[in-house]
1. Which loop-located trypsin sites (Lys or Arg not before Pro) does region 2-76 contain, where loop means any DSSP state but H, G, I, E or B and the Cβ has at most 11 other Cβ atoms within 10 Å?
2. Using each residue's phi in region 20-37, evaluate 6.51 cos²θ - 1.76 cosθ + 1.60 at θ = phi - 60° and report the 3J(HN,Hα) Karplus result to the nearest Hz, with x for Gly and Pro.
3. Which one of VAL173, THR147, THR133 is farthest out on the positive end of the charge dipole of region 113-205, using unit charges on Cβ (Lys, Arg +1; Asp, Glu -1) and the Cα centre as origin?
4. Going through region 140-211, which trypsin sites (Lys or Arg not before Pro) have at most 16 other Cβ atoms within 10 Å and a DSSP loop state?
5. Between Rg and the Kirkwood Rh of region 208-341, both from Cα atoms, what is the Rg to Rh ratio?
6. Which of HIS32, HIS232, HIS55 comes first, and how do the rest follow, when ranked by fewest Cβ neighbours within 10 Å?
7. So what's the convex hull volume per residue for the Cα atoms of region 163-255, in Å³?
8. Please get the size of the charge dipole for region 225-341, origin at its Cα centre, with Cβ charges of +1 on Lys and Arg and -1 on Asp and Glu, quoted in debye to the nearest 20.
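We did not get these values from a lab; they are worked out from the coordinates using the rules stated. Remember, it's a predicted structure, so these values are computed and weren't measured experimentally. Cβ coordinates were reconstructed from backbone atoms using ideal geometry, including for glycine residues, and neighbour counts include every protein chain displayed.
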Amino acid sequence: MRIGMLTSGGDAPGLNAVIRGAVLVGTTVHHHEFVGFTDGWKGLVENDTLPLTRHEVKGISKQGGTILGTSRTNPFEGRGGVDRINEVFAENRLDALIAIGGEGTLAAAKRLTDAGIRIVGVPKTVDNDLDATDYTFGFDTAVQIATEAMDRLRTTGDAHNRCMVAEVMGRHVGWIALHSGMAAGAHAILIPEQNTSMEQLCAWVQSAYDRGRAPLVVVAEGFTLDGADEPHSERGLDAFGRPRLGGIGELIAPMIEARTGIETRATTLGHIQRGGTPSAFDRVLATRLGMAAIAAVNDERWGEMVALRGTEIVRVPFEAALGSLKTVPQERYDEAALLFG
Ligand code: F6P
């Protein structure tokens, strides 16, 4: 078979390991050929290709980013659409496409599959918010990076007796905040799923401070402040028309300082969480997903994506990934909150 491959949406550490896993097993075991499309759906629509042989994937599972490039492009916009994509399939003599991406990518993949295009998906998001898979690659790495940053914030916080606010990624869900905050021993964690009042937050900060600790507050970018209707956004919209988030940490730091009198500093970790070397866990998960995507192509399971359930790689229809977000359950937050303050 000739198989196209693209990575789309925000990058996540482990994308290259997926590509390598798929290409290695595809070429060496099944004698498939591969065509890489550059910068997500954009490359497919514009027929911008890269060779994808065993040579190109040599040693890449430890590299962050994606050798194919990525973008938040909608394949139905501009000169895109079903006819154009069928044309590019024909020009490249493709039998199938593997689309690696998050919710937006999988939604587009579903529309295209419904129109008869042969696509298998691999889920990707550092936020870990896709319901159909227990974990997505990139999440473990993001949590590790955020935890290390918080460990550092704690030593400088201790030195100055300051409250330190660490803002992490998490557009709709607080998984990165919950896990990194718990790992770093945060005194408060604010996530999109929970309404936490400034009063409660300051009570936790004060109680930690009164015990002689330098309070650490972790806030997910998608947290909505008490009284606000939406998460804080001051950076306009992204290519899908969604507000670009970031800056909530800087917003709440002076509020904490004003209410408690404790000197407070904020740090936004931002894209540092998505960059660099993937963890061993993410490399293994990504490699297995890439290999499983080839098995799904061999079995012609169009409209399905590979996913992690427990320790097994399974196949689920695209719609299972699109139905609902995997939010932090109340009991997981309550468990973490027992240690706040
Ligand atoms: O969806 C993953 C994510 O990292 C979100 O946590 C964040 O809001 C968004 O992507 C940032 O996107 P961009 O890289 O386009 O700024």
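1. LYS58
2. 4, x, 5, 5, 4, 5, x, 7, 7, 8, 10, 6, 7, 10, 10, 10, x, 9
3. Farthest along the dipole direction, towards plus: THR147.
4. ARG211
5. So for region 208-341, dividing Rg by the Kirkwood Rh gives 1.07.
6. Listed from fewest to most nearby Cβ atoms, that is HIS55, HIS32, HIS232.
7. 87 Å³
8. 420 debye
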